[in-house]
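Report on the following structure.
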Amino acid sequence: MYLILSMKKITTHLFAIIALLLVLLIPSKAFAQPTVPSSSVATSAQTTSSVSLTWTSGNGTYRIVTCTPYGSSVALPVNGTNYVSSATFGLGTSLGSSNYCVYDGTGSSVTVSGLTAGSRYTFRIFEYTSVVSFESYLTSSYPIYSEYALATAPTTQVSSLNFSSVSTSS
């Protein structure tokens, strides 16, 4: 029992020493918050349940994309928080106010599924850096992009169409 407790203490102290060494050895600019946001957000494809987006990345090492139904209030990411993403709307971490993390990575595109046909959504891209599991998000400047999931096509054609008053105009 004493050996197990000693090993736990040693492991805890060793982790603290390694973390301190990393902080001392990594240049301070590595901890700096990004200063250039992503830009040029565009839709590359749409279906009744998904929207594909592309963008030009800013100067963060990573970026998250959040998605929320249009008109919902914004929820900004919090420094030091790691958000779990899922490209299926509603399954990633909620930042609050129906803002879900739908992407986390180094790339410049995402296809978000699980959307409601004909509904409008707002996407935000936040650049961030992460050192020793501490995320630093750029929240003072970020792109906001809105897009609709395509509406479902009608399944019934118009029939028995009658015009009661037709006139010509010049």
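The values are calculated or read from the model by the stated rules, or taken from the named source; none is laboratory data. Predicted model only: the values in this text are computed from it and were never measured. Heavy atoms of the whole protein, side chains included, go into the accessibility calculation; ligands, DNA and RNA do not. Shrake-Rupley method; radii C 1.70, N 1.55, O 1.52, S 1.80 Å.
Send over a whole-number figure in Å² for the accessible area per residue of region 72-123, probe 1.4 Å.
Details: 2250 Å² over 52 residues.
Roughly 43 Å² per residue, with all protein chains present.
With the Cα gyration tensor of region 128-170 giving a ≥ b ≥ c as the square roots of its eigenvalues, does the rule (a/c under 1.5 for rounded; else a/b larger than b/c for prolate; else oblate) give rounded, prolate or oblate? Before the final figure, lay out the partial values.
On the way: a/c = 11.41, a/b = 3.23, b/c = 3.53.
Here region 128-170 falls in the oblate category.
Need one word for region 31-102: rounded, prolate or oblate. Basis is the Cα gyration tensor (sqrt eigenvalues a ≥ b ≥ c); a/c below 1.5 gives rounded, then a/b vs b/c decides.
Values: a/c = 1.91, a/b = 1.20, b/c = 1.59.
Here region 31-102 falls in the oblate category.
Given Cα pairs under 8 Å that are at least 6 residues apart, what percent is the relative contact order of region 74-158? Working shown, then result.
Values: 132 pairs, mean separation 24.0, N = 85.
Relative contact order here is 28 percent.
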